[in-house]
Each structure stands twice: as structure tokens, then as C-alpha cells.
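Notes follow once the structure below has been shown.
The values are calculated or read from the model by the stated rules, or taken from the named source; none is laboratory data. Every value quoted in this text rests on a predicted model; they were computed, and no experiment measured them. In this analysis, Cβ positions are derived from the backbone assuming ideal geometry, glycine residues included, and neighbour counts consider all displayed protein chains. Calculation scope for accessible area: heavy atoms of the full protein, side chains included, ligands and nucleic acids excluded. Shrake-Rupley method; radii C 1.70, N 1.55, O 1.52, S 1.80 Å.
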Amino acid sequence: MLPRFDLLDLQEAEGDGRFRLDVRPSLATPFGFLYGGSGIAASIEAAERETARPLQWITTQFIGSPAPGSVVDLEVRLLADGRATTQSQVVATVDGDAVFTSLCAHTVRPTGDGQQFVEMPDVPSPDDCRVMSAPFEMDLSDSFFESMDRRLAAGVFGIEAVGHQQHGGMSMWCRVRDAQIGSPATQAFVADIIPMGIGAALGSLPGATSLDNTLRVIDTEPSEWVLLELIPEGFHRSIGHGSLRIWSEDGRLMSTAQQTCIIRTSHHNR
């Protein structure tokens, strides 16, 4: 059986390939809508449970913003199912209205000799890094922030970056309470932070609305702490673009992510 991410509490629903996600505060942002990482993680788990194959790649487009208390219905559709590779689509709706959709690729190809062509940034260990300050001047309890511990490894983010454009290395250590990070769903849950890096590069405190988010999974061996290396790449017409690498504590490249988002100033009070 493929691992499940207990925090999601994803439930099977009536009908083939159908699941439901209750949008609890622990899966939502402090601004009152579903955290993108929760939605992507739910798409991954639904697709893995329906195909019985581990996820290799997912790209998600966001259409709506479900509020806490709503129920997201997920339907998994098999687009191609080969001997080793399956392609699937997940359509998520609330009361019949689309809120996000994901395309996925799964593989059961045998493992072989692996190679890694990049190296993890040289940063202090989690024990030697300070706890990150809150990224917004607001109460973050009763949100997905309560599920994570984050420690600053390089650069600064959020309030600390306002008026101080960040260049060069930006990274943070992250762990999920009561869960190791390794499965594609857990990696997706922590990877949805590229807008934070774009804000730091701009030297401002913007909020952001994701247009799309892509995760490419390389290594799923669990790690308690992971290093999130943020790479802001561009900003134009209020649209930010960036990449992220997820590293294990022992220096394994676990996945890469890319994100496009609308940068906004209406999500906070500064």
C-alpha cells in the first residue's frame, strides 16, 4: 500500500475514483481559503490510491479558493494506463464548481543506479538555525502554519525582507509535525512557498494567488527535516515565477518544484 498523509484525512466517496476532502482550518491559510499545498497533496493521494502507482510528476492549476467548512470533491480520471506508466487527471469541485485540476504521471519502473547532478547548499543544520519569524503580521493559529516547524537557513523572508531585497541563497528548514516528509503528498504540502521567495526578492510583503504549481519527484526516502531552497526567477505584469528544490537532511535531492503566481497586496495589513 502506498503511504497516506494522515493530516489530509482524505475520504473515499461513492463512485469509482471519487474522494472528498473536508477543508479544515489546519489545511487552510490564515486568509480563509484552502492552502494550495493541501489541494495538491490531496490530488496526489487521490491519484495514487486510484492508480495504485506512486506519483512521479504533477502539475496543478487553481481556479477557485475553497473556504474552511466546505467539502472538495475529487474525481480521478485515468487518461492512459500502460505496463509501467499511468497518466491521470484529478478534477476538484465544490458544489459542482471547479476549484483546481491536476495532471499526474505515475510509474512503477524498476529502480536502478541513480545520479545527482547538483549539490545541496552549504547551510547550518536545523539545530543551529533560528526559528523563522511569522511571515505576516497576523494570527497564524488555526491554519496550516500550525502543522509545520520552519527554521531560517539562508536569507530572510516575510516581514524581515520588507525594504531589503534578497539576492543570492534563500532557504529554510521545514518539518511537518507528526509526519516525516518523503511521500509525494508530504513533499507537495511543504513545497507551496515559492511566492514567499518572490516577495523576499522584491523586498516587499505581498500575498499571492497561485496560477499553477508543478512538482517533480526524484527521491521519496523519508526525512524528518527537509531544506527548501527557493530560487525566484522573474516578475512581470504582477506575475511571479520561481523554482524550489527539496533536500533531505543527508543531502539527497528529493524533488524540484516550479510555480507561477499573481502577486497581490490585499492579503495582509502592511
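All but one of (1) in contact (Cβ under 8 Å) with a residue 40 or more places away in the chain; (2) open to solvent by 10 Å² or more (accessible area, probe 1.4 Å); (3) out of contact with any Lys or Arg (no Cβ under 9 Å at 6 or more places or on another chain); (4) not polar (S, T, N, Q) hold for residue 191; which doesn't?
Going through (1) in contact (Cβ under 8 Å) with a residue 40 or more places away in the chain; (2) open to solvent by 10 Å² or more (accessible area, probe 1.4 Å); (3) out of contact with any Lys or Arg (no Cβ under 9 Å at 6 or more places or on another chain); (4) not polar (S, T, N, Q) one by one, residue 191 breaks only (2).
What is the one condition in (1) within 25 Å of residue 133 (Cα to Cα); (2) of a type in the set (S, T, N, Q); (3) open to solvent by less than 20 Å² (accessible area, probe 1.4 Å) that residue 214 does not satisfy?
(1)
Identify the residue in the stretch 32-56 that is part of a helix (DSSP H, G or I) and of a type in the set (D, E, K, R) and, among all such residues, is surrounded by the fewest Cβ atoms within 10 Å (Cβ to Cβ).
Applying the filter and picking the extreme gives 49.
Among the residues that make up the stretch 178-187, is at least one of them of a type outside the set (A, V, I, L, M), at pLDDT below 95, touching a strand residue (DSSP E or B) at 6+ places or on another chain (Cβ under 8 Å) and closer than 18 Å to residue 247 by Cβ?
no
Would you call residue 219 assigned to a strand (DSSP E or B), open to solvent by 30 Å² or more (accessible area, probe 1.4 Å) and not basic (Lys, Arg)?
So residue 219 does not fit the description; no.
Take residue 76 and tell me if it is closer than 20 Å to residue 211 by Cα and assigned to a strand (DSSP E or B). Don't jump to the end; show me each part of the working.
On the way: closer than 20 Å to residue 211 by Cα: no; assigned to a strand (DSSP E or B): yes.
So residue 76 fails the test.
Restricting to the stretch 222-246, and then to whatever is outside any strand (DSSP E or B) and out of contact with any Pro (no Cβ under 7 Å at 6 or more places or on another chain), can you tell me which residue is most open to solvent (accessible area, probe 1.4 Å)?
237
Give the stretch 96-118 a look and list any residue that's within 30 Å of residue 84 (Cβ to Cβ) and either loosely packed, with under 12 Cβ neighbours inside 10 Å or basic (Lys, Arg) (or both), or say none.
If the condition is that a residue be within 30 Å of residue 84 (Cβ to Cβ) and either loosely packed, with under 12 Cβ neighbours inside 10 Å or basic (Lys, Arg) (or both), then 109, 110, 111, 112, 113, 114, 115, 116, 117, 118 are the ones that fit.
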